[in-house]
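Here is the structure we will look at, set down as structure tokens.
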Amino acid sequence: MTLRPVALLGAAALLAGALYVGRAGAGPLPPLGALLDPVHGAWSAATYADLPDSAVSALPSLSDRVEVRYDSRGVPHIFAATEEDAMRALGFVVARDRLFQMELQARAGAGTLTELVGPAAIPADSEARHLGLPWGAEQGLASFPADSKGRRFLEAYAEGVNAWIDQASPAEWPVEYKLLGRRPARWSPVNSLHLYSRMGFTLAYMNGERDRLAAKALVGEAAARALFPLHTPVQEPIQPNGGDAPRTDPLVLPPPGATDSAALALVPLLPRGVRDDDAEVSRSFASNNWAVSPARSRSGHALLAGDPHLGLTLPSIWYEAHLVVPGQLDVYGVTIPGTPGIVMGFTRNVAWSTTNTGADVLDYYRETLDDQARPTRYLLDGVWKPLERRQEEYRGKGGEILRVDTVRYTHRGPLQRLGNEWVSMRWTVNEPSDLAAAYSNAARATTAMEFLDAYARDFFAPAQNAIVADRAGNIAIRSTGHYPLRPAGHDGLAILDGSTSASDWTGYWPVAQYPQALNPAQGYLASANQEPIDSRHTPAYFGYDAAFEPWRALQINRLLRQNASVTLDDMRRYQTDPGSVRADWFVAYLRHAARVAAARGAGSASLTAADSLLGAWDRRYTVGNDGALLFETALGMSVRRTWDELVPPGDSLRVATPSSSVFLALMADSASPWWDRRSTRDVVEDRDALLAGALAASYDSLVARHGPPSRGGWAWGKVARARVNHLLGLEGFSAVGLAVQGGRGTLNPSVQNGGFGASWRMVVELGPTIRAMGTYPGGQSGNPASPRYADRLRLWKDGDLELLVFPSALDSLPASQVTSRLSLVPGGR
């Protein structure tokens, strides 16, 4: 799949023209004259669309010459004398391909987007600053000793980025700078930490406190605790529990109780999450990884697969690279543009990937202050302590001040005024974490356990399920991060009393208690954001049900259980397997309800047709199937009708939605009062009446919208498509309408989560010679006019992977595979 450069630039010009016409209002773009300058404007993107055959550039801080060879997939293979030089070169080559992306994402973490795009970004910047993201990044950098590996790597990387900026002419600047009328900013080491903070925000900012509290306000304490439990009712954990099948634990749901005015008064003390009409809670940022032992591998070697699911963007969130420092480092994989090191990948000895743990690493504290309007002190153990004050200035594109805030901090973290109260927050994302050192030290490991131990020493947040396999045939996994030890009796889902230090965390879990496994008897390991450790075995509070999702884990475990001779190609196919345990289980209930309705004399032609369509569906989310649309619509309507008690009077949206696991558990009680709809006062529905009604109504609504299914309008590939958006949302620079197999609850859920999905796919076989394949949705270049901008989209869409070239030395990369040569030399030589 390719995007035409002329069309792309035309779209940019049209957008710029539309915004320029409205410049007297809020138009953020410059006059078109500069934009369309044939030498320095947007059209120059075509001139620099591809890499030169060869180039020599000076990088003043290098200790020795660095050679870079780009292979036929646009991957730079960096050969350096020291790790610091490798990081300088990495900063240089990533900046050459992705400079605007780096700056945009760093500014998102720093809360300075207004300086790039103007006042429209004030809400986003304000959120970042009030969460303490820039404060945490600056504190983290200050905590690194001057000679620490992490600080050295951050500084070396920044030197490489700035060397590129210094050498690039305005014509070489990314087109987005020209659209915005801006120039690249200098890169600082703290920018990489801003990126890490933003990653932490994406993966570890969860607010279970508000969900349970808001539900308590409407349906009472007992019901809220059952609807939002600590443990997921569907259990097949990351740390194997000895079972040979998933387990569904019973969950008793008390009937809706009376409203709780005390809880209602506390709800405004917690930040308000996004509310929408999505009928089912779904993890947008889902991920999968798994490993297979030699005993279950056809080749007799360990196998590993990983596909982190994040925001789908052009350019991609990842950048592929290979770093070689003879005798020290030889690592291939993906890096986050703007940060030093390989986040996921492989060496000659180990391969690894990560998924998000869903751990609860954030707590709120209700503080007592000396002045509600302009506080300067807070009360702790009977003593008034000074608040740290930080003045936050929001500046526009021209440096003008747009707004000024004051953010205050207790010893726990940032303080926010919510309603008439002040609430502080402690969050591991704002604690110092040397991720650059963690990635480097882990990449030096030669065995699976060496890798996990090195990772655990330095990796703080966001907590990740790190899976690893080695050439000796070991497979292992550990949920790695820092998990708070909370006061006795506190489960992490209540606002604590900030006036006493007895509410504070007392430390972190010891590594020995982390969910983990090494060479399990079953011969495989898998994580897909399910609860990491069996609810019957957990040593302490880890997180809550709504932060976990069982369905993809159930599917990959099912596939691995059924195959005792797994190949590397099987691993690839599984990443986009369209099967769904979720659909298997819920379809059975929907069809049973249709039969019950017919027996009760409450059937209809629509219900019969809907039941027939679900019966013919194989519950696989292939592009051409007709059943998935009906199932998803019916399940969504069932959820809406069931949880109507969670909609406040006079509102149309729920304050919170229980997980699909809780909804499944409710199915066991066909007469539960939760099935009764509030809107049908003269009828008391049971499970089957509600499900049958939702199924028939869904069928009718789809016929009205798409016509009868026989006409082809219900085909999954037509109604549920993936999109990969440009970072600024520019339609002409985006890829939209991608027909992709998969859906909610499958291993490839991107089509229903809009702009989210598998951001990188990799499979590795760890034999005497490493075999690896991979791809991601996009390309190495951030230039929309480049043939390397979206050249991998077709592979990603179709579930295909490419062989990854992994040369051990500079002269071992065949000349036929080299597309560009870059020599970086010290100083001006």
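Here are the numbers for this structure:
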item	result
Residue count for region 400-409, restricted to those that are open to solvent by 10 Å² or more (accessible area, probe 1.4 Å) and in contact (Cβ under 8 Å) with a residue 24 or more places away in the chain	4
Pick from region 410-420, criterion assigned to a strand (DSSP E or B) and touching a strand residue (DSSP E or B) at 6+ places or on another chain (Cβ under 7 Å), ranking: most open to solvent (accessible area, probe 1.4 Å)	Gln416
Candidate set from region 689-699 (those that are touching a Ser or Thr at 6+ places or on another chain (Cβ under 7 Å) and open to solvent by 10 Å² or more (accessible area, probe 1.4 Å)); member that is nearest to Pro649 (Cα to Cα)	Ala696
Strands (runs of 3 or more DSSP E) (entirely within region 284-393) containing at least 3 residues that are in contact (Cβ under 8 Å) with a residue 60 or more places away in the chain	287-292, 302-311, 319-325, 329-335, 344-346, 350-356, 362-366, 377-380
Residues being more than 26 Å from Ile238 (Cα to Cα), of a type in the set (S, T, N, Q) and out of contact with any Gly (no Cβ under 9 Å at 6 or more places or on another chain) - total across region 292-350	2
Within region 584-608, tally of residues that are in contact with a helix residue (DSSP H, G or I) (Cβ under 6 Å, 6 or more places away or on another chain) and aliphatic (A, V, I, L, M)	7
Selected residue (only one of Gly41, Gly17, Gly33 is at pLDDT below 95 and in contact with a Lys or Arg (Cβ under 6 Å, 6 or more places away or on another chain))	Gly41
Any hit, region 756-768, residues being without any contact (Cβ under 8 Å) to a residue 60 or more places away in the chain and either of a type in the set (Ser, Thr, Tyr) or under 30 Å from Ala108 (Cα atoms) (or both)	no
Criterion violated by Asp381 - all others in (1) acidic (Asp, Glu); (2) on the phi < 0 side of the Ramachandran plot; (3) in contact with a helix residue (DSSP H, G or I) (Cβ under 8 Å, 6 or more places away or on another chain) satisfied	(2)
Residues that are more than 29 Å from Ala547 (Cβ to Cβ) and among the small types (Gly, Ala, Ser), drawn from region 654-697	Ala671, Ser679, Ala689, Ala692, Gly693, Ala696, Ala697
Of all residues making up region 648-685, the number that are open to solvent by less than 40 Å² (accessible area, probe 1.4 Å) and either touching a Phe, Trp or Tyr at 6+ places or on another chain (Cβ under 9 Å) or closer than 23 Å to His592 by Cα (or both)	18
Subset of region 421-463 (residues that are in contact with a helix residue (DSSP H, G or I) (Cβ under 8 Å, 6 or more places away or on another chain), of a type outside the set (Asp, Glu), in contact (Cβ under 8 Å) with a residue 40 or more places away in the chain and not in a helix (DSSP H, G or I))	Val423, Trp427, Pro432, Ser433, Arg444, Ala445, Ala461, Pro462, Ala463
Residue in region 238-250 that is part of a loop (DSSP other than H, G, I, E, B), aliphatic (A, V, I, L, M) and surrounded by fewer than 18 Cβ atoms within 10 Å (Cβ to Cβ) present	yes
Flag if Gly743 is in contact (Cβ under 8 Å) with a residue 60 or more places away in the chain and either assigned to a strand (DSSP E or B) or of a type outside the set (S, T, N, Q) (or both)	yes
Close pairs from region 187-205: first not assigned by the TED database to the domain that holds Ala128 and part of a helix (DSSP H, G or I), partner basic (Lys, Arg) and open to solvent by less than 20 Å² (accessible area, probe 1.4 Å), Cβ under 6 Å, at least 6 apart	none
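The values are calculated or read from the model by the stated rules, or taken from the named source; none is laboratory data. Just so we're clear, the structure is a prediction, and the values are computed from it rather than from any experiment. Using ideal geometry, Cβ is built from the backbone for each residue, glycine included, and neighbour counts are taken over all protein chains shown. In case anyone asks, the SASA skips ligands and DNA or RNA and just uses the protein heavy atoms, side chains included. Shrake-Rupley method; radii C 1.70, N 1.55, O 1.52, S 1.80 Å.
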